[in-house]
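Remarks on the structure that follows.
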Amino acid sequence: MTRPGDRWWRAAGVALLIAGVLAGAASDLAAADGTGVLLLGFPIAMLGLVLVVQGRRASLAIRIECSRHRLLPERLQARRAARRRDR
């Protein structure tokens, strides 16, 4: 079961996905030069799809990757593996 905070992230993903699809549809209905809206709508739809699938984990991964602690999970795993070898 998903947590309420995770549902908010997934709902935001659905909203972004719908906005991206609508931007793509609007560029198809527009004149021949609607590529600007399509180029804007595609990344928005992809971001929305990632949020729908991953939920809050996507935002946490981006936050960790941008912080100075981005190598922390690798170091923790290496430490745990070393402890298992030493046993």
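Work out from phi, with θ = phi - 60° and the Karplus expression 6.51 cos²θ - 1.76 cosθ + 1.60, the ³J(HN,Hα) of each residue of segment 7-14, listed in order in whole Hz, and give x for Gly and Pro.
Working through the residues one at a time gives 5, 5, 5, 5, 5, 5, x, 5 Hz.
What residue among 18, 77, 49 has its Cα farthest toward the positive end of the dipole of the chain, where the charges are +1 on Lys, Arg and -1 on Asp, Glu, each on the Cβ?
The residue sitting farthest along the positive end of the dipole is 77.
From the list (i) 68, 29, 20; (ii) 48, 25, 24; (iii) 30, 29, 25, can you say which value of Cα extents along the principal axes in Å was derived from the structure given?
The value computed from this structure is option (i).
Leaving out ligands and nucleic acids, and using a 1.4 Å probe, what accessible area per residue does the chain come to in Å²?
83 Å²
Pop out the carbon and sulfur fraction of the accessible area of the chain as a percent, whole number, probe 1.4 Å.
C and S fraction of accessible area: 64 percent.
The values are calculated or read from the model by the stated rules, or taken from the named source; none is laboratory data. Fair warning: this is a prediction, and the values are worked out from it, not measured in the lab. All Cβ positions, even for glycine, are placed from backbone atoms using ideal geometry, and neighbour counts span all protein chains on display. Surface accessibility is based on the protein's heavy atoms, side chains included, excluding ligands, DNA and RNA. Shrake-Rupley method; radii C 1.70, N 1.55, O 1.52, S 1.80 Å.
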